1. Might you let me know whether region 138-148 holds any residue that is surrounded by fewer than 18 Cβ atoms within 10 Å (Cβ to Cβ) and not hydrophobic (A, V, I, L, M, F, W, C)?
2. Looking at this structure, is Asn178 in a loop (DSSP other than H, G, I, E, B) and among the polar types (S, T, N, Q)?
3. Of the residues Glu88, Glu53, which is closer than 20 Å to Cys250 by Cα and acidic (Asp, Glu)?
4. With respect to Ser161, determine if the residue is crowded, with 18+ Cβ neighbours inside 10 Å, of a type in the set (Ser, Thr, Tyr) and within 28 Å of Glu97 (Cα to Cα).
5. Looking at Gln23, Gln45 in this structure, which one is polar (S, T, N, Q), in contact with a helix residue (DSSP H, G or I) (Cβ under 7 Å, 6 or more places away or on another chain) and surrounded by fewer than 20 Cβ atoms within 10 Å (Cβ to Cβ)?
6. For region 124-145, name all the residues that are part of a helix (DSSP H, G or I) and in contact (Cβ under 8 Å) with a residue 40 or more places away in the chain.
7. Quick one: count up the residues across region 183-221 that are among the acidic types (Asp, Glu) and closer than 21 Å to Phe240 by Cβ.
8. Report, by residue number, each residue of region 197-213 that is within 23 Å of the chain's Cα centre (by Cα), of a type outside the set (Phe, Trp, Tyr) and in a helix (DSSP H, G or I).
Amino acid sequence: MNRDSLIYVAGHRGLVGSAIVRQLKNTGYDNLLLKTHSELDLTDQQAVNNFFEQERPEYVFLAAAKVGGILANNTFPADFIYQNLMIEANIIHAAYEYKVKRLLFLGSSCIYPKFAKQPMKESELLNGKLEKTNEPYAIAKIAGIKLCESYNRQYKTDFRSVMPTNLYGPGDNFDLENSHVLPALIRKFHLAKLASEKKFDAIQENEKIFGPIPEDIKNAIFSSPPKVILWGTGKAKREFLYIDDMADACIHLMKLPSDIYKEHTEPMLSHINIGTGQDISIKELSSIVAQIIEFNGDVIFDSSKPDGTPRKLLDVTKIKRLGWFPKTSLKEGIKKTYNWFLEKSKE
């Protein structure tokens, strides 16, 4: 991948896509193709084909996807499976048709079985039942991996897949109706802190910027004293990767020569995990977030709500062998994310 290569980043406004764009520009890659949803509907096959025929990108980062947390996955399963299947099928097929040199598809660690052996090796894929709360999304992502593998086998393309762990960082989604766990924690603790300081105008401004505050969360933060209520028991364990580290890993893998990449994968198992190799319980995570935000009130875990998968820790042996390692510690990453959140709150 040369500095003047024409690179298409699908989903450049999302958390992952924006970080990839940022990282590409920081390392001298400026010949980028970027299209918003209003400019190019990725679920429209003809529109995608026309785009590839006209623009002829050489490299593609497929970061576009419909994403969300447990609540969103439970509420909109048809949207999650349909939109993600259409996006990846259209782009991967067009990449083959118009002779893209290399494509990198971004999956999700939820592709692995609910009770997969920990840490989860790439070989755990399809070895058990998925977590029901996000099964439609996971199936769509598995289909994306298998599309890449199948085109590689049949057409000798160079389509690669990466499976990131839970991601977070600047540009994350803080909407409490559909956000992931870490941004949701940051916003809940921030709101509770504002309530404890009686900064009610700031809470109203926060709602305008980041989306509505559900009634149960309002009841908690406006109680006396304000408290934070979290889903589940707090015992579930998760691994978290700072988004700029994820972008760095994607570019590192995209630039690897084909023979080196293939040396560390298999024809029927071509995806590579990206993570830190360390996990933490949601209870421990909430304590770190509370400390960084400086909220000293009560934290209550609602065990009537689901925990989701008991544990999700990736085996990152392969990517380490390929020479990539994360740079940002969890505490440092949360501080950076919270600082971005505070700056966004002032806009």
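The values are calculated or read from the model by the stated rules, or taken from the named source; none is laboratory data. Here the structure is a predicted model, which means the values were calculated and not measured. Reconstructed Cβ throughout: ideal geometry from the backbone, glycine too, with neighbour counts over all protein chains shown.
1. yes
2. yes
3. Glu88
4. yes
5. One residue alone meets the criteria, Gln45.
6. Thr133, Asn134, Glu135, Pro136, Tyr137, Ile139, Ala140, Lys141, Ala143, Gly144, Ile145
7. Result for region 183-221: 0.
8. Ile209, the sole residue that qualifies.
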